[in-house]
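The next block holds one structure in the form of structure tokens; read it before the comments.
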Amino acid sequence: MRNLLMIFVAVLMNGMHGAQAQSLTVDPESIVPLPEKFDMETPAPDVPPEIARFQGAWIGTWHDDRHILVVERVKPDGHANVIFAQSDSAFYGMNREWWRDEATIVDGVLTMTGFRTFRYAFDGPDRLYVTATLKSGGVTSGAMVRTDAARLAAGQRPGDWPWPGERVWIPHLIVRTPDGARPIMLEATFYPPTGPGPAPLAIFTHGSDVGRNQLRTWSFSTEAHWLRDNGFAVLALMRRGRGRSEGINGEEDFGRANDGSLVDVSTGVAQAVEDLESAIAYGRTLPGVRPGPVLVAGQSRGGFLAMHYAGLKPGEVMAVVNFTGGWYPYGPVTTPYYAKAGRGAAEKVPQLWLYADSDKLYPEALIREYYQAFTATGGRARFELLHDVPGDGHLLRLYPSRWRPIADEFLASLSRQRP
């Protein structure tokens, strides 16, 4: 009997050990809370179809974090009762939460007002494009698709959440997996052109991040919609080791002297050029893309990369849009890149440089030093240093009301030059 008891205890302990070995943690940014039940109401017969079509559950992203909208009821006058829910966001310092609110539906747009103004407009039969405007004027955006409300209420969530564009995977032209079996794959978001016929390609790419934020994927949906509105197909690129892209991010492999001072950034810049070349080659194979030079745009390091690449291969680049571009805020090492780019691009590549005098990373004196180095060697760019941009001017791209009129005019000038 004692032996049987010992065997039972051993089996029980093994079972407990196995249970403890299983991870009970989840990514907190994957959780979107909701109330225990929804109070759904079928639209009455007198509710206009353009209002009734909003009723139901929607799931997707807002500023590239997870978001759920449930429209519980709609009224003939356009008033709606909704549930708003969002995930944690370490990047934006936001907690996961949900609340019930009231909204209005006017001219095909569902609007919620408060400390942010949310607007949801149809971007297809069962797809919404969402923009959120902060009190400061900053704008973030995303996309939602219709889903089953009962499944959401039961706690079901998709493994891979809807995304503002089509996720694609770019085979790297140079870097392969450690076993050499295949090229590493770079993540990107493709936004097909909206008009008839093939469209020129625009590549948009990101800046730098620190730590785990490097694993965050950027859709750049606001910028992509702006470019599509102006007749482009858009490919938003995540460079190696960023987002879900394979490989190791080596852009911080700086060369330093014995005293720790920065003396060289060429290794990281060269890697970024290779990634951009891979994206351009792949993007030209996508449906609806017209052969020929591409527009290259980006934020921070992405803006620097656009300018730098145009200097290396001006025949490949139709134009550059540089949002607060810079590789590292140290002129003695980085300014020579601007001089070289000016010499290479000269008057061959139209460029728009958008900066703010409130940039906390790149002071105005350094920004002007970059521009002067670029133009001194023959480079030509429309240089705009904007004033009174709220907060950190390095995030200028979040304020389209400030830059879009200028940028629309710039793109219109390109269309006049295109055959």
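What to note about this one:
- Among the residues of region 297-352, the one identified as touching a strand residue (DSSP E or B) at 6+ places or on another chain (Cβ under 6 Å), assigned to a helix (DSSP H, G or I) and open to solvent by 10 Å² or more (accessible area, probe 1.4 Å) is Val333.
- So Leu361, is it at pLDDT 95 or above, touching a Pro at 6+ places or on another chain (Cβ under 7 Å) and surrounded by fewer than 24 Cβ atoms within 10 Å (Cβ to Cβ): yes
- Region 59-86: number of residues that are open to solvent by less than 10 Å² (accessible area, probe 1.4 Å), part of a strand (DSSP E or B) and not acidic (Asp, Glu): 16
- The set of residues in region 194-222 that are in contact with a helix residue (DSSP H, G or I) (Cβ under 7 Å, 6 or more places away or on another chain) and at pLDDT 95 or above comprises Leu201, Ala202, Ile203, Phe204, Thr205, His206, Gly207, Ser208, Thr222.
Listed here are the residues, each with its yes/no results for (1) over 14 Å from His308 (Cα atoms); (2) more than 26 Å from the chain's Cα centre (by Cα); (3) without any contact (Cβ under 8 Å) to a residue 12 or more places away in the chain.
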| residue | (1), (2), (3) |
| --- | --- |
| Gly342 | no, yes, no |
| Leu354 | yes, no, no |
| Ser358 | yes, no, no |
| Leu366 | yes, yes, no |
| Thr377 | no, yes, no |
| Leu386 | yes, no, no |
| Pro400 | yes, no, no |
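- Every residue from region 133-161 that is assigned to a helix (DSSP H, G or I) and either under 30 Å from Tyr399 (Cα atoms) or without any contact (Cβ under 8 Å) to a residue 12 or more places away in the chain (or both): Ala150, Arg151
- Screening Ser266 on (1) under 24 Å from Ala412 (Cα atoms); (2) among the polar types (S, T, N, Q); (3) free of Cβ contacts under 8 Å to residues at least 60 places away in the same chain shows it passes everything except condition (1).
- Candidate set: region 113-126, residues that are among the charged types (D, E, K, R) and either touching a Lys or Arg at 6+ places or on another chain (Cβ under 7 Å) or more than 17 Å from Phe84 (Cα to Cα) (or both); chosen: the one surrounded by the fewest Cβ atoms within 10 Å (Cβ to Cβ): Asp126
- Breaking point among (1) free of Cβ contacts under 8 Å to residues at least 24 places away in the same chain; (2) open to solvent by less than 30 Å² (accessible area, probe 1.4 Å), for Leu411: (1)
- Restricted to region 227-265, and to residues there that are among the basic types (Lys, Arg) and open to solvent by less than 10 Å² (accessible area, probe 1.4 Å), the residue that is nearest to Trp327 (Cα to Cα) is Arg239.
- Qualifying residue in region 263-281 (condition: of a type in the set (Ser, Thr, Tyr), in contact with a Leu (Cβ under 8 Å, 6 or more places away or on another chain) and not in a loop (DSSP other than H, G, I, E, B)): yes
- Extreme residue, surrounded by the most Cβ atoms within 10 Å (Cβ to Cβ), among residues of region 162-213 that are touching a strand residue (DSSP E or B) at 6+ places or on another chain (Cβ under 9 Å), of a type in the set (D, E, K, R) and not in a loop (DSSP other than H, G, I, E, B): Glu187
- Index of the failed condition, Arg284 passing every other in (1) over 22 Å from Leu227 (Cα atoms); (2) touching a residue at least 24 places away in the same chain (Cβ under 8 Å); (3) surrounded by fewer than 23 Cβ atoms within 10 Å (Cβ to Cβ): (1)
- Pairs, first under 13 Å from Ala233 (Cα atoms) and of a type in the set (Gly, Ala, Ser) in region 288-306, second in a loop (DSSP other than H, G, I, E, B) and open to solvent by 20 Å² or more (accessible area, probe 1.4 Å), C-beta under 7 Å, six or more apart: Gly288/Pro192; Gly288/Pro193; Gly288/Pro198
- Subset of region 104-132 (residues that are hydrophobic (A, V, I, L, M, F, W, C), under 15 Å from Met94 (Cβ atoms) and in a strand (DSSP E or B)): Phe118, Ala132
The values are calculated or read from the model by the stated rules, or taken from the named source; none is laboratory data. Worth saying up front: this structure is predicted, and the values here are computed from it rather than measured. Virtual Cβ from ideal backbone geometry, glycine too; neighbours counted across all protein chains shown. For the accessible areas, the whole protein counts, side chains as well, though only heavy atoms, and no ligand, DNA or RNA atoms are used. Shrake-Rupley method; radii C 1.70, N 1.55, O 1.52, S 1.80 Å.
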